[in-house]
Amino acid sequence: DSGRYVELWNLVFIQYFRDKTGTLNDLPATHVDTGAGLERFCRVQQGVESNYETDLFQPIITEIAERSGIAYELNGIHIPHRVIADHVRALSFAIADGGMMGNEGRGYVLRRIMRRAIRYGRNLGLKRPFLHDTARVVFDIMAPAYPELKEASAFITNVIENEEVRFSETLDNGLRVLNDALED
């Protein structure tokens, strides 16, 4: 809690499988997951206060600030920028890896991630679709290490834009209905 320490690396010992009854069973093979995050290393290497101040996030955050007209301020408004930046990165990689929006399971998780980012965008005044354009910044940052992002960029932006347009329409209609009901 002192702020003197940063978790750079953690170890997770993968050893058990919990079955439907809740009983722990030994896995056929055990291993250690080393949770060393790229962003953590960048944070330490670049000497910044958070992962979001690294060069992996700042261009995305700058894009969000420019689109919204609301500056990213560490001790002021920063949570929406961070959520959107984190979520658009996650969506870009997940879609590049074959993930698709859906109504159940993993697809629904992706849909919820996108919708959360859109709602945070609304908090910044972003009412028109913006995530698909913001994803292009992710491609520029990460393409040297992950060329598959650039290769799939048209597909990724198309998936994000289509979903974003549909959800925005649904959200606008729902808010209209709610406001009408509140007026009555």
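Would region 1-41 count as rounded, prolate or oblate if I go by the C-alpha gyration tensor, calling it rounded below 1.5 in a/c and otherwise prolate when a/b exceeds b/c, oblate otherwise? Prolate shape, in that a/c is at least 1.5 and a/b is the bigger ratio.
Extension gain, residue 158 to residue 20: 0.36 nm times the residue separation minus the Cα-Cα distance gives 45.8 nm. When +1 charges are put on Lys and Arg Cβ atoms and -1 charges on Asp and Glu Cβ atoms, the dipole computed for the chain relative to its Cα centre reaches about 200 debye. With R₀ fixed at 25 Å, the C-beta to C-beta distance from residue 165 to residue 122 puts the FRET efficiency at about 0.95. Give me the percent of the accessible area of region 1-49 that comes from carbon and sulfur atoms, probe 1.4 Å, all protein chains in place. C and S atoms contribute 53 percent here. Where in region 35-50 is the amide nitrogen less than 20 Å from a point lying 7 Å along the Cα-to-Cβ axis of residue 58? Flagged as within label range: 38-50. With a Förster radius of 41 Å applied to the beta-carbon distance between residue 103 and residue 74, the computed FRET efficiency rounds to 0.60.
In a DSSP loop and with at most 16 other Cβ atoms within 10 Å, the trypsin sites (Lys or Arg not before Pro) in region 1-77 are 4, 20. According to the square roots a ≥ b ≥ c of the eigenvalues of the Cα gyration tensor, what is the shape class of region 42-93, taking rounded for a/c under 1.5, prolate for a/b larger than b/c otherwise, and oblate for the remainder? Verdict is oblate for region 42-93.
Under a 5 Å amide H cut-off, with hydrogens placed 1.01 Å from N, residue 37 pairs with nothing among residues at least 5 apart or on other chains. To the nearest Å, what is the center-to-center distance of region 101-142 and region 162-184, using C-alpha atoms only? Between the Cα centres of region 101-142 and region 162-184 lies a distance of 17 Å.
Dividing the Cα radius of gyration of region 91-184 by its Kirkwood radius returns 1.06 for Rg/Rh.
I'd like the trypsin sites (Lys or Arg not before Pro) in region 111-184 restricted to DSSP loop residues with at most 12 other Cβ atoms within 10 Å, sorted by number.
Values: sites: 111, 112, 115, 116, 119, 122, 127, 136, 150, 166, 176; in loops: 127.
Sites meeting the loop and neighbour criteria: 127.
If you wrap region 11-152 in the convex hull of its Cα atoms and look at it from every side, the mean projected area works out to 11.3 nm². Of the GluC sites (Glu not before Pro) found in region 6-50, the ones in coil according to DSSP and having at most 14 other Cβ atoms within 10 Å of their Cβ are 7, 49. Per residue, the accessible area of region 1-113 comes to 66 Å², computed with a 1.4 Å probe over protein heavy atoms only.
For the chain, what is the mean residue ellipticity at 222 nm derived from helices alone (per DSSP H run of n ≥ 4: -39500 (n - 2.57); sum divided by total residues; nearest 500 deg cm²/dmol)? Intermediate results must be reported in sequence, preceding the final value.
Working: 7 runs with 105 residues, N = 184.
Calculated mean residue ellipticity at 222 nm is -18500 deg cm²/dmol.
Just to be sure I follow the definition: excluding the sites themselves, where is the longest run in the chain that has none of the chymotrypsin sites (Phe, Trp or Tyr not before Pro) in a DSSP loop with at most 11 other Cβ atoms within 10 Å? Of all site-free stretches, the longest is 10-184.
The values are calculated or read from the model by the stated rules, or taken from the named source; none is laboratory data. The shown structure was predicted, so the numbers you read here are calculated from the model rather than taken from an experiment. Please note: Cβ atoms are built from the backbone with ideal geometry, for glycine as well, and neighbour counts cover all protein chains shown. Keep in mind that these areas ignore ligands, DNA and RNA; they rest on the heavy atoms of the full protein, side chains included. Shrake-Rupley method; radii C 1.70, N 1.55, O 1.52, S 1.80 Å.
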